[in-house]
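Presented below is the structure to which this report refers.
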Amino acid sequence: MNRRTALKTLGAAGAAFGGTSVLGTVSAASPNEQYFAIQNAANEIRENKGQEAMLQFLDKRGIDYVRVEKPMVVEEKGDQVSTNDFSNVDGGTHCDICLDFVLYTNSNSTIYTIDMSWDYKLESGDYGQQPNDGAALYYSQGKWDYYSRSLSESTYSSQYVTVGDGNNQDGAAFSVDDVSSGDGDSLYAGLNIQPIGDYSYSERKVFGEYMHTWTTVDVNASYGVSFPAGVSVSYSVDTNVNEEVTGTEGDGDTLMELDQSQATLD
């Protein structure tokens, strides 16, 4: 499935999945504390049971969400790599880097989370080359802001994914160690934001991008993000680095974006 799913109408909060250790007793906590406890538990479930189990858990906890699924097919021919413009080749369901882009919020619609996860379906040696890949979660300028000025409170990520400490006015950029990750690994990154300004829900858009990079030269990279340009990268040495960015859905034309109205039930 390459196109945006319809907004899911979710029920009231239900019981947590068994086996999660991070929820604890949250009934007496503030709404924000409850939300972050659910978020931590959801990430634990994703790491142990996968993305679909995580979304089912959010559903049962009364979390509103909408998602975009995006395949990326990587073809290698000798030393050359082609990403086929990140299209879903021939309309098939196969993907080598399978992206899942989600926007979700708590029942009070005071905190929203942009989340992007991806699964690798090939051995890392087949496409995991230096430098690190990049990922970015960002939003329309002046319409959102970080939940907190602390990166540790406003972002989260899996192993092999590290948030940058550069410009955080328009979103967050992440460095992805695709060399260390392997076939079947599920990585993710998230950004907690809050709406600001006097704008309609449909004007408050959020975006996700993934940048695949490869070169035969030993080089380090640092990533940034800005609106509307998206993910950017700078390298430690002046050399030719191949880059391919996906910011669209499977048709190669529709921007991979969501807006506040799609994840909010009024």
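The values are calculated or read from the model by the stated rules, or taken from the named source; none is laboratory data. All values reported here derive from a predicted model rather than from experimental measurement. Note: ideal-geometry Cβ built from the backbone for every residue, glycine included; neighbour counts use all protein chains shown. Accessible surface is based on the protein model in full, side chains and every heavy atom, while ligands, DNA and RNA are left aside. Shrake-Rupley method; radii C 1.70, N 1.55, O 1.52, S 1.80 Å.
Residue-wise test of (1) within 16 Å of the chain's Cα centre (by Cα); (2) modelled with pLDDT of 90 or more; (3) small (Gly, Ala, Ser).
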residue: 53; (1), (2), (3): no, yes, yes
residue: 63; (1), (2), (3): no, yes, no
residue: 77; (1), (2), (3): no, no, no
residue: 94; (1), (2), (3): no, no, no
residue: 97; (1), (2), (3): yes, no, no
residue: 113; (1), (2), (3): yes, yes, no
residue: 118; (1), (2), (3): yes, no, no
residue: 123; (1), (2), (3): no, no, no
residue: 135; (1), (2), (3): yes, yes, yes
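Out of (1) within 28 Å of residue 261 (Cα to Cα); (2) surrounded by 24 or more Cβ atoms within 10 Å (Cβ to Cβ); (3) out of contact with any Phe, Trp or Tyr (no Cβ under 7 Å at 6 or more places or on another chain); (4) at pLDDT below 90, what's the single condition that is false for residue 178?
(1)
Could you say which residue among 236, 261 is open to solvent by 10 Å² or more (accessible area, probe 1.4 Å) and at pLDDT below 90? If you could, list the steps in order and put the result at the bottom.
Numbers: 261 fails: at pLDDT below 90.
Criteria check complete, one pass: 236.
Please work out which residue is surrounded by the fewest Cβ atoms within 10 Å (Cβ to Cβ), limiting yourself to region 131-144 and to residues that are more than 14 Å from residue 225 (Cα to Cα) and either basic (Lys, Arg) or touching a strand residue (DSSP E or B) at 6+ places or on another chain (Cβ under 8 Å) (or both).
The qualifying residue surrounded by the fewest Cβ atoms within 10 Å (Cβ to Cβ) is 143.
Any residue in region 36-64 that is farther than 18 Å from residue 191 by Cβ and assigned to a helix (DSSP H, G or I) sitting within a Cβ distance under 6 Å of a residue that is small (Gly, Ala, Ser) and open to solvent by 20 Å² or more (accessible area, probe 1.4 Å)? List the pairs, counting only those 6 or more apart or interchain.
60/14
Out of all the residues in region 14-32, is one or more at pLDDT 60 or above and part of a helix (DSSP H, G or I)?
Pass one, region 14-32, residues at pLDDT 60 or above: 29-32.
Narrowing further to those that are part of a helix (DSSP H, G or I): 31-32.
Checked region 14-32: at least one residue is at pLDDT 60 or above and part of a helix (DSSP H, G or I).
Of the conditions (1) modelled with pLDDT under 85; (2) within 25 Å of residue 53 (Cα to Cα), residue 216 clears all except one; give me its number.
(2)
Please go through (1) open to solvent by 60 Å² or more (accessible area, probe 1.4 Å); (2) under 14 Å from the mean Cα position of the chain (by Cα) for residue 155 and return the number of the only condition it doesn't satisfy.
(1)
Name the pairs: first residue in region 183-204 and farther than 30 Å from residue 45 by Cβ and open to solvent by 50 Å² or more (accessible area, probe 1.4 Å), second residue in a loop (DSSP other than H, G, I, E, B) and not small (Gly, Ala, Ser), Cβ to Cβ under 6 Å, at least 6 apart or on different chains?
The qualifying pairs are 197/143; 199/143.
If you check residue 102 against the conditions, is it within 25 Å of residue 219 (Cβ to Cβ), buried (at least 16 other Cβ atoms within 10 Å of the Cβ) and modelled with pLDDT of 90 or more?
In short, no.
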